[in-house]
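Reading through the structure tokens given below for one structure.
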């Protein structure tokens, strides 16, 4: 079975979102560093998260690694949503939950 155009479009949109998020994490503007401090996370964790998000984005783009991209993106997204919910950032968790659901299309695009 071949992936539908819809599934591929959602997957590429997710790859773009993870790529942008990863770049923002790596650049670490002030609001990112303040959020990590406020949430009592290690100061350099944003670099690890950014690199992993960029890796997930790259994996999502290519059919041979798309399944790994879905798995990595799902894990990173799950952790981000848990951190947001733990810190009462409910409004920011909603897009993360939507992305988690959208990863199902990424899974279907691997078929």
**Q.** Label selected from (1) 17.4; (2) 14.2; (3) 16.2, the criterion being Kirkwood radius over Cα pairs in Å as computed here
**A.** (2)
Q: Return the distance in nm (one decimal) between the two label points of a simple spin-label model at residue 20 and residue 34, each offset 7 Å from Cα along Cα→Cβ.
A: 2.1
Q) How much mean residue ellipticity at 222 nm does the chain get from its helices, if each DSSP H run of length 4 or more adds -39500 (n - 2.57) and you divide by all residues, to the nearest 500 deg cm²/dmol? A) -27000 deg cm²/dmol
Q. With each pseudo-label sitting 7 Å past Cα toward Cβ, what's the residue 45-residue 98 distance in nm, one decimal?
A. 2.5
Q.
At a threshold of 8 angstrom on Cα-Cα distance, excluding pairs fewer than six apart, so keeping six or more, what relative contact order does segment 5-108 reach in percent?
A. 32
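Throughout, read-outs are computed from the coordinates displayed, never taken from laboratory work. Quick caveat: nothing in here was measured; it's all calculated off a predicted structure. With ideal geometry, Cβ positions are generated from the backbone for all residues, glycine too; neighbour counts draw on all protein chains shown.
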